[in-house]
Amino acid sequence: MRALSILGSTGSVGASTLDVVRRNPDAFRVEALTARRRVTELAEQCAEFRPTLAVVADPNSAGQLREELRKRGLSTAAASGVDGLARAATLPEADTVVAAIVGSAGLLPTLAAAEAAKRVLLANKESAVMAGGLLMEAVGRNGATLIPIDSEHNAIFQCLPSAGVVADAGVDRILLTASGGPFLDMAPEELADVTPEQACAHPNWDMGRKISVDSATMMNKGLEIIEACRLFGVEPERVQVVVHPQSIIHSLVQYRDGSVLAQLGNPDMRTPIAHALAWPERIESGAEPLDLFDVGRLDFREPDLERFPCLGLAMEAAIAGGGQPIWLNAANEIAVQAFLDGRIPFSAIAALIASVLAECRASSPGTLEEIIGADREARQKAREKLADFAI
Ligand code: NDP
């Protein structure tokens, strides 16, 4: 039986993970759950799964969490803040850590889990974008295991030879599929005025609000190019984005001999989550089986970089390397939150990021301190520039 610590359990990936666990009670037990501040949801999860530890990232919610656990008669210990997240990521009772916090807040606990030699199931792509080198180095040095949950990277992992690394495997390139999001066919002049609700209404996937906006701008695919380079040791030039609106093929690996391996399935995050949880075995996920007659056809297009400038910015940052991916990620987080808060229009997301990246110094942050410093500097720049793009 595997023992899990689920970081970000109240989110979309967290809830899907718990659903897979619910279906496989003999295979998994839950040792730790964490949220930012949705305390009632967290306490309800604790009542069902009875973990040893529950953590709220927001220190001001710690008292409420203790009270909610007490009201339910639970013996689950409560912790909070960055230290609490680190405790959940390194809990001796857990062998597997699901890294499903959204954004850069996931970096420190994900790294801590790798340092603690856990089996790390990675959804938090932002930590791979910011510090993929450090993360993979920590995985290797400590004998940890990293299995991607992001559906595309999980598909690539499934299509690669068992080591999950491109080097020396005869791989020519990686084909990263993209749904194109809710605005794939919207007239460019209409794009400027789309609302957060429209941006979050993804045609194929039900996800948290930040990644939904990232899908609408296609920054998500840009972040995923960088994530693929970090996780599989491949150069950005060997990752090609293929728009595939049906989201049935989750990505492909093209080999030197002309073979192309793909992983297919209905768009349901429980499939990659179940794969990662059980790897190298297979378990029930709850996802509907794929019916190819129902699907009927599979379409492919080239991405339109004029319509989706965020994708172009990310491709440039992936090739430039150094501090650029960190700045890209930080500026994107600020821009997406400002858009969700109604402070800037949709079209300003790319414009703000481009303007911040133009000021990125060509340094190569290597240590964790340098990475956190670069992230902080880029956020500061992005916040300063918000007024220039305000509605
Ligand atoms: P959600 O917004 O649905 O959930 C985020 C989770 O992280 C919640 O538990 C939230 O707590 C917690 N959280 C938010 N901010 C912080 C913080 N500052 N410190 C600690 N915890 C925090 O996100 P998703 O589940 O959609 O995405 C999670 C990650 O997985 C992202 O990196 C995303 O890119 C990636 N991913 C998601 C997919 C999906 O289908 N959703 C697919 C592939 C990758 P609270 O509920 O209290 O706010």
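Key figures for this structure:
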quantity	calculated
Residue that is farthest from the ligand (Cβ to nearest atom) [pool: residues in the range 24-79 that are touching a Ser or Thr at 6+ places or on another chain (Cβ under 9 Å) and β-branched (Val, Ile, Thr)]	Thr52
Test: residue in the range 362-370 that is closer than 19 Å to Gly312 by Cα and modelled with pLDDT under 95	yes
Odd one out for Thr52, checked against (1) in contact with a helix residue (DSSP H, G or I) (Cβ under 8 Å, 6 or more places away or on another chain); (2) β-branched (Val, Ile, Thr); (3) surrounded by fewer than 22 Cβ atoms within 10 Å (Cβ to Cβ)	(1)
Strands (runs of 3 or more DSSP E) wholly inside the range 216-307 that include at least 1 residues being touching a Gly at 6+ places or on another chain (Cβ under 9 Å) and of a type in the set (Ser, Thr, Tyr)	249-255
The range 224-233, residues that are over 21 Å from Phe300 (Cβ atoms) and either within 16 Å of the ligand (Cβ to nearest atom) or surrounded by 20 or more Cβ atoms within 10 Å (Cβ to Cβ) (or both)	Ile226, Glu227, Cys229, Arg230, Leu231, Phe232
Qualifying residue in the range 144-152 (condition: of a type outside the set (Gly, Ala, Ser), over 19 Å from Leu311 (Cβ atoms) and away from the ligand (no atom under 14 Å from the Cβ))	yes
Any hit, the range 156-166, residues being more than 22 Å from Ile319 (Cα to Cα), more than 14 Å from the ligand (Cβ to nearest atom) and of a type in the set (Val, Ile, Thr)	no
Filter result for Ser259 (modelled with pLDDT of 95 or more, within 13 Å of the ligand (Cβ to nearest atom) and either among the hydroxyl-bearing types (Ser, Thr, Tyr) or surrounded by 22 or more Cβ atoms within 10 Å (Cβ to Cβ) (or both))	no
Count - residues of the range 254-302 that are over 17 Å from Pro203 (Cα atoms), touching a residue at least 40 places away in the same chain (Cβ under 8 Å) and aromatic (Phe, Trp, Tyr)	2
Residue satisfying condition, being assigned to a helix (DSSP H, G or I) and within 11 Å of the ligand (Cβ to nearest atom), within set Gly132, Gly106, Gly140	Gly106
Verdict on Leu191 being surrounded by fewer than 21 Cβ atoms within 10 Å (Cβ to Cβ) and either touching a helix residue (DSSP H, G or I) at 6+ places or on another chain (Cβ under 9 Å) or acidic (Asp, Glu) (or both)	yes
Criterion (acidic (Asp, Glu) and assigned to a loop (DSSP other than H, G, I, E, B)) met by exactly one of Glu93, Glu44, Glu68	Glu93
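The values are calculated or read from the model by the stated rules, or taken from the named source; none is laboratory data. The shown structure was predicted, so the numbers you read here are calculated from the model rather than taken from an experiment. All Cβ positions, even for glycine, are placed from backbone atoms using ideal geometry, and neighbour counts span all protein chains on display.
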